[in-house]
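The values are calculated or read from the model by the stated rules, or taken from the named source; none is laboratory data. These figures come from a predicted structure and were not determined experimentally. Cβ atoms come from the backbone with ideal geometry, glycine included; neighbour counts cover every protein chain shown. To get the accessible areas, we keep the full protein, side chains included, count just its heavy atoms, and leave off ligands, DNA and RNA. Shrake-Rupley method; radii C 1.70, N 1.55, O 1.52, S 1.80 Å.
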Amino acid sequence: DTLLSELGDTNILKNELSQVHNRSHAMIAHYPPGSQYVRHCDNHCTDGIGDDCNGRRITAILYLNEDWKEEDGGELLLYDGPPNHDHEKYRISPKLGSVILFFSDYRVPHAVLPTNVHRYGITTWYYDKTERDGALERGSVKSEEEMEKERLKVEAEMKSFEERTGAAVKESVEGKYCAAKAIDILPTTSTDTSTDTSTDTST
């Protein structure tokens, strides 16, 4: 939060970050070996205009991968914005303690390359207040209170299932659940570049 505040005081980012007043809950993402995340943007929005705007202005990621090696894979790949969005711009190693911040909208399409080991990271989105308020009014995104209610409901359903069956939910569905505080991202070979499956429902 302090870093964002200081960046917002710089001349180059003052206008971009002047309306950033709050952020999402943190999301812990787990990529098992063989998984990846196809190219996407965290906010399908252009200059704050459009019904697909969700209010995300800055994506912040903290990586948790100790002793990461190049052969482990799982790098974050950043692309140029349109019209050169097929051009790879940066490749970020998900090393323990590394932090990266980038614009959440169309300017920074990104992907996670296939990982050969378990890969972990914590993501938080910083919201533009005006854009986020508009998204909440349209009902195109859920409020933090609504997401908390969903989280508690999911946890209650998981507990009830485990009490009835005596089996752990994660083991029963082979990781195909989305818990309130962690997402297991399944192995995929999809090449769809338009899908954004990231949500705030877990965070």
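Are there any pairs with C-beta distances below 7 angstrom linking a residue in region 60-85 that is part of a loop (DSSP other than H, G, I, E, B) to a residue that is of a type in the set (A, V, I, L, M) and open to solvent by 60 Å² or more (accessible area, probe 1.4 Å), with the two at least 6 apart or on different chains, and if so which?
LEU64/LEU96; GLU66/LEU96; TRP68/LEU96
Of all residues in region 149-172, count the ones that are among the hydrophobic types (A, V, I, L, M, F, W, C), open to solvent by 60 Å² or more (accessible area, probe 1.4 Å) and at pLDDT below 75.
Count: 1.
Restricting to region 6-15, and then to whatever is open to solvent by 70 Å² or more (accessible area, probe 1.4 Å) and not acidic (Asp, Glu), can you tell me which residue is nearest to ASP128 (Cα to Cα)? Break it down into steps so the answer makes sense when it comes.
Taking region 6-15 as the starting set, the residues that turn out to be open to solvent by 70 Å² or more (accessible area, probe 1.4 Å) are 6, 9, 11-12, 14-15.
Remaining after also requiring not acidic (Asp, Glu): 11-12, 14-15.
Values: ASN11: 18, ILE12: 17, LYS14: 13, ASN15: 11 Å.
It comes out as ASN15.
With the structure loaded, tell me whether GLU146 is assigned to a helix (DSSP H, G or I) and surrounded by 16 or more Cβ atoms within 10 Å (Cβ to Cβ) or whether it fails that test.
On the way: assigned to a helix (DSSP H, G or I): yes; surrounded by 16 or more Cβ atoms within 10 Å (Cβ to Cβ): no.
In short, no.
Residues being open to solvent by less than 50 Å² (accessible area, probe 1.4 Å) and over 21 Å from THR124 (Cα atoms): count how many of those fall in region 45-80.
Summing the residues that are open to solvent by less than 50 Å² (accessible area, probe 1.4 Å) and over 21 Å from THR124 (Cα atoms) in region 45-80 gives 5.
Could you please find all residues in region 43-85 being at pLDDT below 95 and of a type in the set (Gly, Ala, Ser)?
Passing the criteria: GLY48, GLY50, GLY55, GLY81.
Here is a check on your reading of the model: is GLY55 more than 13 Å from HIS110 (Cα to Cα) and among the small types (Gly, Ala, Ser)?
Here the answer is yes, as GLY55 does meet what is asked.
List the strands (runs of 3 or more DSSP E) inside region 95-142, counting only whole elements, that have at least 3 residues being aliphatic (A, V, I, L, M), in contact with a His (Cβ under 7 Å, 6 or more places away or on another chain) and at pLDDT 95 or above.
Values: elements: 99-103, 110-112, 119-128.
Fully inside region 95-142 and qualifying: nothing.
Return the residues of region 16-44 that are more than 15 Å from THR130 (Cα to Cα), in a loop (DSSP other than H, G, I, E, B) and open to solvent by 30 Å² or more (accessible area, probe 1.4 Å); say none if nothing qualifies.
Passing the criteria: HIS25, ALA26, PRO33, GLY34, GLN36, HIS44.
Residue by residue, here is whether (1) surrounded by fewer than 21 Cβ atoms within 10 Å (Cβ to Cβ); (2) under 17 Å from the mean Cα position of the chain (by Cα); (3) over 25 Å from GLY73 (Cα atoms) holds:
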position	(1), (2), (3)
TYR90	yes, no, no
PRO94	no, yes, no
ALA111	yes, yes, no
TRP125	no, yes, no
ALA135	no, no, yes
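Do the conditions hold for ARG91, that is, is it within 23 Å of LEU3 (Cβ to Cβ), of a type outside the set (A, V, I, L, M, F, W, C) and touching a strand residue (DSSP E or B) at 6+ places or on another chain (Cβ under 6 Å)?
yes
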